[in-house]
Structure formats: structure tokens, C-alpha cells
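Below is one structure; the comments refer to it alone.
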Amino acid sequence: MHGLLLQRLLQLALAVLIAACSPLAALDQAPKPPAWSSGCGTDSVGTWADLVVNGSVLRLRWIPPGSFTMGSPRDEADRDQDEVQHQVALSRGFWLGESETTRRFFRAVMGSNPNGGEELLPVAISFEEGQQFFAKLNDGKPGLGADFPTEAQWEYACRAGTRGPTYAPLDAAAWYLVNSLDAYGNNLVHPVKQKQANAWGLYDMLGNAWEMTRDWYGDYPTAAVKDPPGPSSGNRHVVRGGSCRNAAGSCRAAWRWAEFPQAKGFGIRCMVPSLP
Ligand SMILES: [Ca+2]
């Protein structure tokens, strides 16, 4: 009897060992330093990797694969009808800028600061200009594959495991309508990383600069989906997180907006996919 139990335990231990060594399980673990990084490490909130271009550093955070409920519950304050809740699985981890892309990093890639002013402010550009930025960034780093996050990647990363409207009390987490005013009553964008980060080390996901996503805007699926790419076509791209000029109702993890590709004034959050 004891022999049979021991045999079962050994079989179980072997199964666990095989699962732990499988490629799928490996994705759940902290990844190896990517080839594009100049430095990689782990701290209290997870694994980071630095992308350096012409001496300017963008730190990215490893976002592990996982599942979450996208959208908001019907009783969430300020909810819009396009936030229909559905289950989303993201099968691959990815890297995401811990901050909005700064004017300094943008200049390092493109050669000029499109907005002028303080270089630790986030860039304010159009989707088309963002595409040009990613094209040049990727030209200089073969194999990088940087892009806008998908809408699902953005909300998954913003929530960092939370289910409420915001990942922290909004005043602590975000520059938004009521706390971004200057002495003359103008709502101003602020240098990145001054507010509280979320549990995965990401700053300013809510408020400060709006953040463009890769997806065309459209209705959500109602059934569970895996790695959703968004609608196959459209005329406006999804913008997320609200900004320093938006009220609290728009600075929610589930809130959706959309803008034409030529519309200027939006921020970028760099996403770098993990290698297959
Ligand atoms: Ca933001």
C-alpha cells in the first residue's frame, strides 16, 4: 500500500517537473534578458529590461501571460455601454514601457522633439506619427518588434490584477482634471513617473497623457476570447486611460475612446512582444 502511494507521489512529482519545464510554463516565469536590452533585472514588482537608444533609456516591465475580465460591471459609476464585460486570455507575456514615452526618448529615436519643452513630459502626437516612431525604433533594433499595445494588452496591464475602476485611489495614481491645474487654471501634462505605479510597476496608465492602442475601435465580443486583435478594420483607433484634462469618469481602466489616425495630441506606451 505504501509502495503504491510512493509510486503515485513519484509520478505526480515527475508530472509537475515536466510541466514546469514545458515552453508554456516557461512563459509564466521571469524571461531571460532579451537581446535588445542593455540591462535586465528583478525588483519588488517584477522583472524589468532597459531599452537604450542614443543614450536615452526606456525601462520596460515584463507583463506575464494570464486571463482577466475586460470591461466594467454594469453598476460601475460613469460606465459607458461599450464596456461590456468578457473574458480575455493573453497567451504570451510581453514587455510594456513602465512610463509613457517621453519627449527625450522620442527625440533619441527620431532626432527631434515634436512638442518642445521639458523632455520628461510624454510626447503628444498622432497614431500615424506613432507608427513612424515604431518603424524607426525597430529599424535600429533588429528583432525588437515594438508597437502599440493591443487594447486588451493595455487594459490587462493597467489593471494588474485589480477589478475596480482604478488600480489605486485616483488622486494618488493619476494626473487628471482636478489635480493637474497650474496657477492659471490650465490642465497640464506632467513629467512621467511622479504618481503611484500599479502593482506591476507601470506609471500613469490612468491620466497624464492619453495612450493610443493598436486596435480599431468597435464593439467587444461577448464570448471569451484569446489574444484579441480588435476589429479587422475601422476608421478610429482606441485611446485609453484618460488624460490630465479628463474627469475621473474617463480615467478608469475600462474606459474607451477613439481617435482618427491623423489626430494629434496622444501618448505612446511601447509594447515589445516576447520571442516565440
Ligand atoms: Ca497615461
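Please report the antiparallel percentage of DSSP beta bridges with both residues in the stretch 2-273, rounded to the nearest 5.
Details: 34 of 37 bridges.
Close to 90 percent.
Show me the helices of the chain, taken as full DSSP H stretches, that run 15 Å or more along their long axis by Cα and average 1.6 or above in Kyte-Doolittle hydropathy. Intermediate results must be reported in sequence, preceding the final value.
Working: long enough: 2-21 (28 Å, 1.69); 127-140 (20 Å, -0.84).
Result, helices passing both filters: 2-21.
Mind listing the Cα extents of the chain along all three principal axes, in Å, largest one first?
Computed over the chain, the largest-to-smallest principal extents equal 81, 47, 37 Å.
Report the relative contact order of the stretch 143-276, percent, no decimals, based on alpha-carbon pairs under 8 angstrom and at least 6 residues apart. Working shown, then result.
Values: 263 pairs, mean separation 43.2, N = 134.
Here the relative contact order equals 32 percent.
Under 8 Å for C-alpha pairs, at least 6 residues apart: give me the relative contact order for the chain, rounded to a whole percent. Don't skip to the end; give the middle numbers.
Working: 602 pairs, mean separation 59.9, N = 276.
Once divided by the residue count of the chain, the mean separation gives 22 percent.
Checking the a/c ratio against 1.5 first, then a/b against b/c, what shape does the Cα gyration tensor give for the stretch 179-221?
Values: a/c = 3.17, a/b = 1.54, b/c = 2.06.
Since a/c reaches 1.5 but b/c is at least a/b, the shape of the stretch 179-221 is classed as oblate.
Near Gly39, within a Cβ-to-Cβ distance under 14 Å, what is the net charge of the other residues, with Lys and Arg +1 and Asp and Glu -1?
Here the count lands on 0.
No lab work stands behind these numbers, since they all come straight from the coordinates. All values derive from a computational prediction rather than experimental measurement. Every residue, glycine among them, receives a Cβ derived from its backbone with ideal geometry; neighbour counts consider all protein chains shown.
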